[in-house]
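Okay, structure first, notes after.
FYI, it's all coordinate maths here, none of it is from the lab. What you are looking at is a predicted structure, and each value in this text was computed from that prediction instead of being measured. No Cβ is skipped: glycine too gets one built from the backbone with ideal geometry, and neighbour counts run over all protein chains shown.
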Amino acid sequence: MTLRLTTDRLVLRPVLAGDLDVLLAIRNAPAVVPTTGTGEALPRERMAERLARRLASWRDHGVGSWLVLHEGEPVALVEVAPIGEGSGVDPDVLEIGVVVHPDHWGSGFAVEAGLAAARDLFGRGGHERVVIGVDPDNTRSMGALAKVPGVRRLDADLYELTAAALADHPA
């Protein structure tokens, strides 16, 4: 049986090796590119490297990034990966980031998919917390983050969601 998460409107499934083109289409959509940390399109080779790391994470740790489907069509990506060095928090803590294709901006998919992934990490994954990095100038992302129940600001662009805080706000 394939792991899937479902919400009222969405299906999340682990990213697969064959998803490279759809991930690039979401991440490199012209309206998305300026909202990324680099402000540049991600080259195919770099996305292929990221995808390989996400596949290894699923294989080695049982957690990873999700492709988000609405009515069977890909609409978003939920990235799940260790935050790494330089963030000011434990580099092994998982960071969640949601990238929604601009055709679906304003739909609420970012919050819905992000919360589904977080609940999975807290439940099945056994994690106690995740972090969310958001550029404070990205008004769409800040608006979505404001709808996440129990989220706590750590610094100018880093937020934390704990299993305990989310448990106070059932799905």
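Working only within segment 119-171, note down all residues that are in a helix (DSSP H, G or I), closer than 23 Å to Ala31 by Cα and aliphatic (A, V, I, L, M).
Taking segment 119-171 first, the residues in a helix (DSSP H, G or I) are 119-122, 139-145, 163-167.
Within this subset, residues satisfying the condition of being closer than 23 Å to Ala31 by Cα are 139-145.
Once the filter is applied, which keeps residues that are in a helix (DSSP H, G or I), closer than 23 Å to Ala31 by Cα and aliphatic (A, V, I, L, M), segment 119-171 yields Met142, Ala144, Leu145.
If Ser65 satisfies every condition in (1) within 16 Å of the chain's Cα centre (by Cα); (2) hydroxyl-bearing (Ser, Thr, Tyr); (3) over 30 Å from His169 (Cα atoms) but one, which is the exception?
Just one mismatch for Ser65, condition (3).
Out of segment 24-47, which residues are more than 20 Å from Arg140 (Cα to Cα) and either in contact with a Phe, Trp or Tyr (Cβ under 9 Å, 6 or more places away or on another chain) or of a type in the set (A, V, I, L, M, F, W, C) (or both)? Let's see the steps before the verdict.
Residues of segment 24-47 more than 20 Å from Arg140 (Cα to Cα): 24, 42-47.
Within segment 24-47, Leu24, Leu42, Met47 qualify.
Just name the residue that is nearest to the chain's Cα centre (by Cα) out of those in segment 97-107 that are in contact (Cβ under 8 Å) with a residue 60 or more places away in the chain and under 20 Å from Arg54 (Cβ atoms).
Within segment 97-107, the match that is nearest to the chain's Cα centre (by Cα) is Val99.
Being under 22 Å from Thr7 (Cα atoms) and β-branched (Val, Ile, Thr) is the filter; apply it to segment 118-143 and report the residue that is surrounded by the fewest Cβ atoms within 10 Å (Cβ to Cβ).
Val131
Given Ala29, Ala76, which one is in contact with a helix residue (DSSP H, G or I) (Cβ under 6 Å, 6 or more places away or on another chain), among the hydrophobic types (A, V, I, L, M, F, W, C) and over 29 Å from Leu154 (Cα atoms)?
Numbers: Ala76 fails: over 29 Å from Leu154 (Cα atoms).
From the options Ala29, Ala76, the qualifying one is Ala29.
For the list (1) more than 14 Å from Leu166 (Cα to Cα); (2) touching a Pro at 6+ places or on another chain (Cβ under 9 Å); (3) buried (at least 18 other Cβ atoms within 10 Å of the Cβ); (4) not charged (D, E, K, R), I need the number of the one condition that Gly97 fails.
Condition (2) is where Gly97 drops out.
Can you find, within segment 1-50, the residue that is farthest from Gly62 (Cα to Cα) among those that are in contact with an Asp or Glu (Cβ under 7 Å, 6 or more places away or on another chain) and in contact (Cβ under 8 Å) with a residue 24 or more places away in the chain?
Top of the filtered list is Arg9.
Is one or more of the residues making up segment 74-93 buried (at least 17 other Cβ atoms within 10 Å of the Cβ), charged (D, E, K, R) and touching a Pro at 6+ places or on another chain (Cβ under 8 Å)?
The answer is no, given that none of the residues of segment 74-93 is buried (at least 17 other Cβ atoms within 10 Å of the Cβ), charged (D, E, K, R) and touching a Pro at 6+ places or on another chain (Cβ under 8 Å).
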